[in-house]
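The next block holds one structure in the form of structure tokens; read it before the comments.
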Amino acid sequence: RGVVDGCLFPLEALQGFKIGEVVKTVLEDYPMSYMTSMYAAMNKAKWNAISPADQKAIEKINEEYAEKFGKGWVELDAKAVEFSKGKGVNFVKVSKEDEAFTAEKMKPILDDYVKMAKSKGLPGDEALKFVQDFLAKNP
């Protein structure tokens, strides 16, 4: 208690890590914070060695479980918020003005990412645009 002034974490950690027992306020800043994401990665040569039928099965399972895990995280977040409110935690939403201010301050970091990716021959600008477009359509 009294050690950390602020931290960034998914809402489910309020209950899962008992953070909701020690914080007084949660600042909800969804455009600048995150949801927990998970993925499985495979070496491309190994992927190409798998039969097309097995590749299709893996892709089908990925689609199905992406939705299941997403719903699971949403449920955990909701339970953690309810738990924390029961402990007297105050939830404050960031204003649109502050979101815009923060987004502007983040721009140099995103620009650095694009430069780094391009220096490795990767389409950093396309990747960033893809993510930003996705987030705009899926708030």
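Please treat every number below as a calculation from the coordinates, not as lab data. The model shown is predicted, which means the values in this text are computed figures rather than measured ones. Here Cβ is always computed from backbone atoms with ideal geometry, including for glycine, and neighbour counts include all displayed protein chains.
Working note: Cα atoms of segment 85-139, range along each principal axis, descending, whole Å: 50, 22, 21. Local charge for GLU75 was computed over the other residues whose Cβ lies under 15 Å away, with Lys and Arg +1 and Asp and Glu -1, and equals -1. Once the Cβ-Cβ distance of LYS79 and THR102 is raised to the sixth power relative to R0 = 30 Å, the FRET efficiency obtained is 0.65.
Helices in the chain that qualify as membrane-span-like (whole DSSP H runs, Cα extent of at least 27 Å along the helix axis, mean Kyte-Doolittle hydropathy of -1.0 or higher) are 52-86, 96-119. Labels on offer are (i) 82, 33, 20; (ii) 44, 37, 28; (iii) 54, 35, 30, and the one holding Cα extents along the principal axes in Å computed from this structure is (iii). Taking 14 Å as the cut-off, the amide N atoms of segment 54-85 that come nearer than this to a point 7 Å along the Cα-to-beta-carbon line of MET42 belong to 54-63. Taking ALA117, ALA103, ALA78 in turn, the Gaussian network model of the chain (Cα-Cα springs below 10 Å) assigns the largest fluctuation to ALA117. Just tell me which lysines come within less than 29 Å, Cα to Cα, of LYS24; anything on the same chain fewer than 8 places away is out. By straight Cα distance, LYS24 reaches LYS71, LYS79, LYS85, LYS87, LYS93, LYS96, LYS105.
The helix-only estimate of mean residue ellipticity at 222 nm for the chain, built from DSSP H runs of length n ≥ 4 each weighted as -39500 (n - 2.57), is -20000 deg cm²/dmol after division by the residue total.
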